[in-house]
Amino acid sequence: MTFSERMLKIDRRIIFLVIGLCTLLPLLYPVGLPIKISSEVRGVYNHIESLPERSVFFLSFDFDPASKPELHPQAIALLRHAFRKNLRVVTMTLWVTGTGLADQIVTQVAKEMGKENGKDYVFLGWSPGNTVVIINLGQNLYKTFPSDYGGKPTKGLPVLDGVQSLKDVTYLVSLGAGNPGVEAWYVFGKDKYKFEMGGGCTGVMAPGLYPLLRSGQINGLIGGLRGAAEYESLIDQKGKAVAGMDAQSATHVAIIVLVIICNLFYFSMRRATGRQSQGGT
């Protein structure tokens with residue numbers, strides 16, 4: 001058996017091990033490969049960057065743990081940016097299955113950034129009604145959420161000083177994994193109450209939201225893990241998204257190299273077989 005034949009018959013478990021290492025090592029030791037920033041991600045970043053201190057930034061966690069790999073890094077990056085800009089951060093979720101995850105994310109980043117609950121941020125939690133909640137928020141925030149997720153009355157919270165409804169929100173971002181999500185916030189919120197809005201979504205949803213972006217109905221869109229990695233790069237705090245993109249890139253390179261090598265061995269073996277056939281003749 002020639003060397004090429006031996007290589008083509010290599011134990012597939014070795015290939016699985018190579019791919020596994022290419023995926024695992026960048027996650028444990030991120031390289032931080034250069035990432036080109038798209039205009040849609042920069043749109044969200046630039047708008048938040050332009051906001052004056054103590055502006056009201058509203059973030060809706062419209063996803064659950066099933067979409068955590070893509071939207072969790074987006075939420076972390078957005079909160080870090082907003083807290084760094086000293087914005088008043090108001091958060092909630094339209095998905096009851098994502099309530100615990102949203103609370104965990106907000107609490108984690110607020111603690112990391114040294115922010116105080118009720119003064120610098122508030123997590124309103126979840127209220128039944130889906131899109132009706134958006135309409136109610138546009139009319140009266142305090143009737144929609146009389147208390148926050150921890151049971152503290154929302155009326156009188158310093159973070160909500162001067163905020164009566166969505167009309168008083170400076171900028172809103174919905175991180176959506178489905179319906180209700182970005183589209184619902186635009187149709188029942190922005191279009192009706194005239195606040196500025198951006199969006200974030202899973203990679204597979206991004207193409208369906210580009211019409212809103214191209215028409216100017218939203219001013220930016222963070223799409224999938226790639227979008228999260230771009231935002232992490234913009235705020236210069238590389239985290240799980242950048243590590244995930246490193247892992248993807250390394251795995252893709254490994255697969256391409258393996259395909260090329262296997263083809264080289266295959267054609268080498270065919271050439272050797274052809275020579276043997278001509279010699280025998």
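The values are calculated or read from the model by the stated rules, or taken from the named source; none is laboratory data. All values derive from a computational prediction rather than experimental measurement. Every residue, glycine among them, receives a Cβ derived from its backbone with ideal geometry; neighbour counts consider all protein chains shown. Side chains included, ligands, DNA and RNA excluded: accessible areas come from the protein's heavy atoms. Shrake-Rupley method; radii C 1.70, N 1.55, O 1.52, S 1.80 Å.
List of remarks:
- Search result, residues across region 143-160 that are of a type in the set (D, E, K, R), crowded, with 16+ Cβ neighbours inside 10 Å and farther than 18 Å from Val133 by Cβ: none
- Counting only helices (runs of 4 or more DSSP H) that sit wholly inside region 3-69, those with at least 2 residues that are open to solvent by less than 80 Å² (accessible area, probe 1.4 Å) and among the acidic types (Asp, Glu) are 39-50.
Conditions (1) open to solvent by 20 Å² or more (accessible area, probe 1.4 Å); (2) within 16 Å of His47 (Cα to Cα); (3) assigned to a helix (DSSP H, G or I); (4) not polar (S, T, N, Q), marked per residue:
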site	(1), (2), (3), (4)
Val173	no, yes, no, yes
Trp185	no, no, yes, yes
Lys192	yes, no, yes, yes
Pro211	yes, no, yes, yes
Asp236	yes, no, no, yes
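- Considering the conditions (1) touching a residue at least 24 places away in the same chain (Cβ under 8 Å); (2) open to solvent by 10 Å² or more (accessible area, probe 1.4 Å); (3) β-branched (Val, Ile, Thr), Ile105 is excluded by exactly one of them, (2).
- Val163 vs. criteria open to solvent by less than 10 Å² (accessible area, probe 1.4 Å) and in a loop (DSSP other than H, G, I, E, B): yes
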